[in-house]
Structures are given as structure tokens and as C-alpha cells.
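Report on one structure; see the data block that follows.
The values are calculated or read from the model by the stated rules, or taken from the named source; none is laboratory data. Just so it is clear, the model here is predicted, and its values are computed rather than measured. Methodologically, a virtual Cβ is constructed for each residue, glycine included, from the backbone with ideal geometry; neighbour enumeration extends over all protein chains shown. Remember, those area values only see protein heavy atoms, side chains included, never the ligands or the DNA or RNA. Shrake-Rupley method; radii C 1.70, N 1.55, O 1.52, S 1.80 Å.
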Amino acid sequence: MNLDLNIQDRFSQELPADPIEDNTRREVKNACFSYVTPKKPIAPKLIHSSSEMLEGLGLIGAEDSDDFLAIFSGAKLLPNTRPYAMCYGGHQFGNWAGQLGDGRAINLVEVMHQGQHWALQLKGSGETPYSRTADGLAVLRSSIREYLCSEAMYHLGVPTTRALSLISSGNMVWRDMLYDGNPDYEKGAIVARVAPSFLRFGSYEIHAAHQDVKTLKILVDYTIKHHYSYLGTPSKEVYVAFFNEVMIKSMDMVIHWQRVGFVHGVMNTDNMSILGLTIDYGPYGWLEGYDHGWTPNTTDRAHKRYRYGSQPQVVLWNLLKLANALFSLIEEVAPLQAILDTYHQNVQVAYIDMMCAKLGLKTKFQDDKVLIQELEAVLQRSETDMTLFFRLLSNFKKDGTVDHLMTIQEAFYQPEEVQGDLKTQWNTWFRSYQQRLQKENASDQERAVYMNRINPKYVLRNYMAQLAIDAAEKEDYSVIDTLFRLLKKPYDEQPEHQKWFAKRPEWARNKVGCSMLSCSS
Ligand code: AMP
Ligand code: MG
């Protein structure tokens, strides 16, 4: 069967293309993308597809067809389409890295379905002009991680790019998993990713860096026309308003990350979506023990630039880089600075509001900030599982009839350590919380319902993704499917899946892939 897609390419139709049309590495100027051809996989096999995304694209039932496999593995091109790789730059770990671009992502096509416009992209289908020294491929383990996590984030209510399918390529990929001089062959895979747009902060920065205001303006106008059309016809004021919108969306995204305990791991400006979507799932991780200093990315171990507690600040830093790029269109510092200042002030308020919601507080009081700071202090003193803690806290009774510590006991990694001084600190906090709850109208039951809509019961814990990977390496894809289904309803009780509502097992504490991930993927 032929895939019935309503093709509406805009990016490649409306933006300047690189005149060279092969996959060789090069510096690209005055262009937003380069036409490329995906690499044909040796023996593609469909591992999994997302039923929600199939539906979103009008492809339900097509996933078992030969065409689906051929097209979303890069083996065959859709008729009348010309795949391309996007040009972008970025600040990596604080430094301008120059041209980066889609080194292993290839955009196939844009489609319209049910009033929604989507860009479809393959990740891991071979080299492009932007591949630099790498091969343009992706390994199975990192592809499973992206596939599962992006769909899980969507169901958690976190803005994100999506995934349509996960396909093993049959190719073997040479990787040094921990960058420690032990490379080996690993199985290759391709994820078909989907988003309204894959534009990043770095997409704009690259033209500003080249002092190519013409291309920058074309791209910004394009972005406003298609993604921020409600702002009106492009003008200096509209560019400022555009930056303001990106600021708001980026703030919303990072507050969601903090809410669910997601650590992106590589918040370089090339990994910051212009639509405020979580993008480029690499060495990300989920907080287990609540710890603001934690990052799963071993490549960032020395400085922990992208640790959990820093994520809101890093967004500001990244916004500043975007502001610098947009400056040549606006030519005034003050309005851009005002937006950055607004972020700085509002992100703290947004964070407190989010934490209050996690605690089941609907009203606002001045002292709530202190309540939250004291909770964070005690949470970090005793290794406490974030997801378990907030979920179990919904069982708290405001009349104090239930032992507070017993309510959340299960969340402690070392319950025997919660003694003496630490126990006193916990009890003090619970007393404050209990007093604070007296000011709320909601009953315990109502509060529990509210909290359980904000605090997920199930997230893609680092070891869970690793279990799916270990099984998949042996061609058992059942764990991927189990987790995929589980994570569709992260806020539901799902008692049949209770075994996943548990702390990280001890074997996973320092295991590669669970708590330690590098950028190698
Ligand atoms: P990341 O750290 O994954 O966001 O990647 C940073 C840059 O490196 C982007 O331009 C990627 O497209 C590129 N890149 C990462 N992995 C590969 C790879 N295996 N082959 C080619 N380019 C890659
Ligand atoms: Mg990236």
C-alpha cells in the first residue's frame, strides 16, 4: 500500500537551500538546509510504533505495511519528496561551537492531518553535510531511549517532540559508549521523529554568527508566519513579541521538567526548540533520589553545568544567546533585556507555584516559598525518591491521624538513616505542612485527586529504559511494549503495574546506562 499522507512541504519550499546536493561534509552558508539522501539500511525491522502518533498522522493500519517500513527506515523515498538536513549552530557547554546541523537527522516530509502540521524526520539514517567526524547513525540503545521517553513525556503533559516508529536498521555501528577507549560494534536503529518544527535556537544563531542578516530575517519571518502567526506581520515589535513568546514557552517547558524530575543532560542551544519542545533525547535521566546537583551525563561530570537544579537558569542563559542572535533584526537592547529580566523574575514564581501544586496547595501564601525550601533541604539530606515521595504524600491526612513519616517511608532509600536530627527535621517540616493545609478548603480526598494529576506515579526511570534496552539487544521487544503502554497513563494507578512504582533497585545505582550516560549515541 502507498502511505496516504497529505504532503505540505513548507520549510524546503520557502527557505533558502544549499545549492550543493550531496551528503559530503561542508560549511554551509546563506542557506537553512541541504538536500540529502538517507542511507539505505541493510535489514530494517519494525520494533515498535506509536499508535497515538499513527493516528495523529492518519496512518493507523499502515504500520505493518512494507511501505511504512521502507519509508521510515530510509530505504525508500516517498514519491515527490526531497529529504533534507537542517543547518544550525550552537553553544555547547557554554562555548560557541560553530556549525553543527542535522548530522544524523534527515527530514523526510511535512504533512498536514486534522488541521495539524507535522514535520517527519529520521534520526540515525546516515551522514549529511553536517555530520562532521561522525557517521550519521544511531545505536539501538539511544534510539529506544528517545522513542520511549519522548512519547512518555507527551503523556506526562510535557511539551515535546514525538516519535512515530522505532526501526532496527540491521547495520552495526561502531561506538565508544563511555568515551573510555573501549569501542565496540552495536546494533543500529532509526527513530522517526515528529514535531510541528525541529527549529532550534541554534538555527538562528548560525546566521547571526555568519552576519547573514538576510537569511536570519527570512528564517525568523518564516517562523513567525507558520508557528507564531497570531503575532501578526513581522516588524521590529513583532520580533520582540516573538522572543517574548519563545521565552514563555521555554519557561513552561523547563518548569514541567522540574515538576516531573526530568534532567535533559545536554541543554546546548542547538538542543533548545524554538517552540519550547523538549528535543534531542540524549543522555537524559530522571531524578530518583531528589538532588538538585544530579546529572546523568558523564560528559558533564566535571562541571555539572546541566544538573537538575540548574535547568531553569540554563534556559535563561540560552535565551540570552537567542536574544544576541535576534539583535540584528531588532537593533535595541532594552526590549530584549526586559524579556530576559521577566524570565528571571517569573521563573522563580513559576517554580514556587509548580511546587505548591505538587504539594496540593491551591491558594497562595507568602510563606510557601519557605515551606518549599525547607522541604527541598530535608529531601536532599535523606536520599528520597522524588516520584515516590510526591505520590505518597497525597495520602497525608491534615488532621494528623496518620503517621507522616510512615506515609512516605517507602520513598527513603535508607529508611534506617532517618533518625535523630534528621527525623526531627522531617517532623518539623510535616508540622509546617499540616498547618499550611489548614488554610486550604479541599478535603484530604480532593487534595489527593488534585495531587495525583500533577505528580506522576510512573516515569521512565533510568533503569527501566535500560531493562528495555537489555532485552531488545537480545531481540526481545516486549519490555519496550510494556513500558510504552504503562507510560501512556503515568498518572493512573494501574495497580497491575505496581512493580514499576518502586525505587531504583540497588544494582542500578551506579550502572552504566542507568545513572551514567555519555553523549555517545
Ligand atoms: P547532540 O549532542 O546529539 O545534540 O549533537 C550535537 C551535534 O552533533 C548535532 O549537530 C548532531 O547532529 C551531531 N551528531 C551527533 N551524533 C552524530 C552522529 N552519530 N553522526 C553525525 N552527527 C552527529
Ligand atoms: Mg542535538
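Counting only aspartates and glutamates at least 8 places from LYS123 when in the same chain, those with an alpha carbon closer than 14 Å to its own are ASP102, ASP135, GLU146, ASP280.
Electrostatic bookkeeping for ALA85 treats Lys and Arg as +1 and Asp and Glu as -1; over the other residues with beta carbon under 10 Å from its beta carbon, the sum is -2.
Grab the Cα-Cα distance for LYS217 and ASP22, subtract it from 0.36 nm times how many residues apart they are, and report the gain in nm with one decimal.
Length gained between LYS217 and ASP22: 67.6 nm.
Sequence neighbours fewer than 8 away in the same chain don't count; with that in mind, list the lysines whose C-alpha is under 27 Å from LYS362. Output for LYS362: LYS249, LYS397, LYS398, LYS439, LYS457, LYS488, LYS489.
Think of each Lys and Arg Cβ as +1 and each Asp and Glu Cβ as -1; about the Cα centre, that makes the dipole of the chain roughly 460 debye. Taken per residue, the accessible surface of the chain reaches 39 Å², heavy atoms only and a 1.4 Å probe. In the neighborhood of SER520, defined by Cβ-to-Cβ distances under 9 Å, what is the net charge if each Lys or Arg adds +1 and each Asp or Glu adds -1? My count for the surroundings of SER520 gives 0. Only helices enter the 222 nm calculation for the chain: every DSSP H run of n ≥ 4 contributes -39,500 (n - 2.57), and dividing by all residues gives -12500 deg cm²/dmol, rounded to 500. 3J(HN,Hα) couplings calculated from phi for the stretch 53-60 with the Karplus curve 6.51 cos²θ - 1.76 cosθ + 1.60 (θ = phi - 60°) are, in sequence order, 6, 4, 5, x, 9, x, 10, 4 Hz; Gly and Pro show x. LYS362 exposes around 140 Å² of accessible area when a 1.4 Å probe is run over every protein chain in place. With the whole protein complex present, LYS304 retains an accessible surface near 80 Å², based on a 1.4 Å probe. When a 1.4 Å probe is rolled over the protein heavy atoms, the share of accessible surface on the chain that falls to carbon and sulfur comes to 51 percent.
Of the GluC sites (Glu not before Pro) found in the stretch 12-116, the ones in coil according to DSSP and having at most 14 other Cβ atoms within 10 Å of their Cβ are GLU21, GLU27. Can you check what the net charge comes to around SER65, using other residues whose Cβ is under 15 Å from the Cβ of SER65 (Lys, Arg +1; Asp, Glu -1)? Charge balance in the 15 Å sphere: -3. With 0.36 nm allotted per residue and the present C-alpha distance subtracted, the ALA502-ARG301 stretch has 69.7 nm of extension available. Annotation for the stretch 308-398: GluC sites (Glu not before Pro) lying in DSSP loop with at most 14 further Cβ atoms inside 10 Å of their Cβ are GLU331, GLU332.
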